[in-house]
1. Please tell me if residue 158 is more than 15 Å from residue 82 (Cα to Cα) and open to solvent by 90 Å² or more (accessible area, probe 1.4 Å).
2. Only one residue in 146, 114, 139, 105 is more than 30 Å from residue 63 (Cα to Cα), aliphatic (A, V, I, L, M) and either within 14 Å of the ligand (Cβ to nearest atom) or modelled with pLDDT of 95 or more (or both). Which one?
3. Of everything in region 161-180 that's outside any strand (DSSP E or B) and open to solvent by less than 30 Å² (accessible area, probe 1.4 Å), which residue is nearest to the ligand (Cβ to nearest atom)?
4. Filter region 181-202 down to residues that are touching a helix residue (DSSP H, G or I) at 6+ places or on another chain (Cβ under 7 Å) and among the aliphatic types (A, V, I, L, M) and give me whichever is farthest from the ligand (Cβ to nearest atom).
5. Take the residues in region 181-221 that are acidic (Asp, Glu) and part of a loop (DSSP other than H, G, I, E, B); name whichever of them is modelled with the highest pLDDT.
Amino acid sequence: MRQVLIATSNPGKLRDFAGAALRHGIEITGIPGFSSLPPVVEDGLTFEANARKKAEEYSHYVPGKIVVADDSGLEVDALSGAPGVHSARYAAPELQNKEPHEADANTDDEANNARLLRELKSVPPAKRSGRFVCVLAAAREGETLATFRGTAEGIILEAPQGTNGFGYDPLFYFPQIKKTFAELSSEEKANYSHRGAAFRQFLRWCDADENVYSGSTPAQI
Ligand code: IMP
């Protein structure tokens, strides 16, 4: 079976990716010893830059294999695209007294959501549009082969709704189904989410691309 390695320590992400990939004859696994590898600094200005950087750097540890990395976040129009690439550290000014790009660690979801609500306090419902974005990069031996971008358009609510999911899900209302992402099961969310959309593009690329190889034989481009 064709094999793709995902650069993540998040077992939830791995499971989501693995289930969808199996139907395309692709085996998804983590990178062996991922948690003990030196972390890649996500200092890119775009989701693409961070996803490529992670995929390229981690692919050096598994020569010949295709490594996929993702970067994702929430862009809010009324905030000129913030929190964007800083979504995971948006509450750093309150919690660490640092700007998100200088933060030492991710800040917790509750604090990030609280900051988002504060920043949008005076913004009326009609102007609370935004989107989740996910970019996947596939790399081999330090070189990006392709990137895939998925988005989900929604509205930022004035109060959380729903208890599933993670991150900004309880504030992200998806008009198409009149629910927030936190009111969906993980299977339902994958049908509509930015991550699901990007991953389906990746799978189509795998299906179409003869260079995605079988087993452990390095591919020839
Ligand atoms: P990462 O790409 O896993 O580092 O995610 C970046 C941050 O974006 C997360 O910590 C969340 O705050 C936010 N985010 C990304 N995807 C989602 C999602 O599907 N739901 C809610 N928040 C998300």
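1. Numbers: more than 15 Å from residue 82 (Cα to Cα): yes; open to solvent by 90 Å² or more (accessible area, probe 1.4 Å): yes.
Answer is yes for this residue.
2. On the way: 146 fails: more than 30 Å from residue 63 (Cα to Cα); 139 fails: more than 30 Å from residue 63 (Cα to Cα); 105 fails: more than 30 Å from residue 63 (Cα to Cα).
Every option except 114 fails the conditions.
3. Quick first cut of region 161-180, residues outside any strand (DSSP E or B) only: 161-171, 175-178.
The next check asks that each one be open to solvent by less than 30 Å² (accessible area, probe 1.4 Å); those that pass are 167-171.
Numbers: 167: 2, 168: 4, 169: 4, 170: 9, 171: 9 Å.
Checked region 161-180; the qualifying residue nearest to the ligand (Cβ to nearest atom) is 167.
4. The selected residue is 190.
5. Taking region 181-221 and keeping what is acidic (Asp, Glu), we get 183, 187-188, 207, 209-210.
From the residues that got through so far, the ones that are part of a loop (DSSP other than H, G, I, E, B) too are 209-210.
On the way: 209: 68, 210: 61.
Going through the qualifying residues, I end up with 209.
A quick yes/no check of all residues on (1) more than 14 Å from the ligand (Cβ to nearest atom); (2) more than 29 Å from residue 185 (Cβ to Cβ); (3) in contact with a helix residue (DSSP H, G or I) (Cβ under 6 Å, 6 or more places away or on another chain):
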residue	(1), (2), (3)
10	no, no, no
35	yes, no, no
43	no, yes, no
48	no, yes, no
63	yes, yes, no
91	no, no, yes
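The values are calculated or read from the model by the stated rules, or taken from the named source; none is laboratory data. Values in this document were obtained by computation on a predicted structure and should not be read as measured data. Glycine gets a Cβ as well: all are built from the backbone with ideal geometry, and neighbour counts include every protein chain shown. Areas reflect the complete protein model, heavy atoms only, side chains present, ligands, DNA and RNA absent. Shrake-Rupley method; radii C 1.70, N 1.55, O 1.52, S 1.80 Å.
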